[in-house]
1. For residue 74, all conditions in the list (1) open to solvent by 20 Å² or more (accessible area, probe 1.4 Å); (2) outside any helix (DSSP H, G or I) hold save one; what is the number of the exception?
2. Take the conditions among the charged types (D, E, K, R), in contact (Cβ under 8 Å) with a residue 40 or more places away in the chain, open to solvent by 50 Å² or more (accessible area, probe 1.4 Å) and farther than 18 Å from residue 149 by Cβ and apply them to residue 61. Does it pass?
3. Go through the stretch 133-147 and give me each residue that's outside any loop (DSSP other than H, G, I, E, B) and touching a residue at least 24 places away in the same chain (Cβ under 8 Å).
4. List the number of the failed condition for residue 86; all other conditions in (1) in a loop (DSSP other than H, G, I, E, B); (2) modelled with pLDDT under 95 hold.
5. If I ask for residues that are assigned to a strand (DSSP E or B) and surrounded by 19 or more Cβ atoms within 10 Å (Cβ to Cβ), which ones from the stretch 103-130 would you list?
6. List pairs: first residue in the stretch 17-42 and within 23 Å of residue 69 (Cβ to Cβ), second residue in a helix (DSSP H, G or I) and modelled with pLDDT under 95 anywhere in the structure, Cβ distance under 7 angstrom, at least six positions apart or on different chains.
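The values are calculated or read from the model by the stated rules, or taken from the named source; none is laboratory data. This structure is a prediction, so every number in the text was calculated from the model and none was measured. Neighbour counts run over all protein chains shown; Cβ positions are idealised from the backbone, glycine included. When the accessible area is computed, the model is the full protein with side chains, heavy atoms only, and any ligands, DNA or RNA have been set aside. Shrake-Rupley method; radii C 1.70, N 1.55, O 1.52, S 1.80 Å.
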Amino acid sequence: MKKENHFTLDQVGYLVPDLKSTAVKLEDLLGIGPFKISQWPVEGSQPDSFLDGQPANWRMDIAFADVGNVHLELIQPVSGNPQMEEFLARCGSGLHHLRFSVDDFDQAVAEFQRKGYSMISCGRGVHAGSRWAYFDTRAILNGLIIELRTCGPQPEKETVPWLARCVPGT
């Protein structure tokens, strides 16, 4: 019998043309923050990223702040991801994706693909064993992308603070 997958919302991704300005405005307006700003991929990591099935090497500035049990991720594309660049050109800024941690990544990916959702991009996370995938759910969710991810074991002391949130089963 197939095990029911558990999906946990853990991130809301918002694409912006100016990450630092947006972070300051959110901190001032809503008291969200402080934002932890970093670059992706994280130095020393090997994300093994793919975009539309082809190996890809894109860069982006990212900022994270906790909002309850969810990370708010601000994303400013730097280079190499035409999908994000096209999104900004079309929308200016806006809600890009919702990320869900899943108990069984392979099963969840297979289920999304069985339902006809194409994988836009995928790769490995910063932690050994962690993986992620973006699915094209834009047609049914008014432009919104769904990201699935799983986490591998984490080092005891995390060197990048926003990564400490990645805990299997949460």
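1. (1)
2. no
3. Taking the stretch 133-147 and keeping what is outside any loop (DSSP other than H, G, I, E, B), we get 133-135, 145-147.
Within the stretch 133-147, 133, 134, 145, 146, 147 qualify.
4. (1)
5. Of the stretch 103-130, the ones assigned to a strand (DSSP E or B) are 119-124.
Selection gives 120, 121, 122, 123.
6. Close Cβ pairs (under 7 Å, with a partner that is in a helix (DSSP H, G or I) and modelled with pLDDT under 95) amount to 36/161; 36/162; 38/162.
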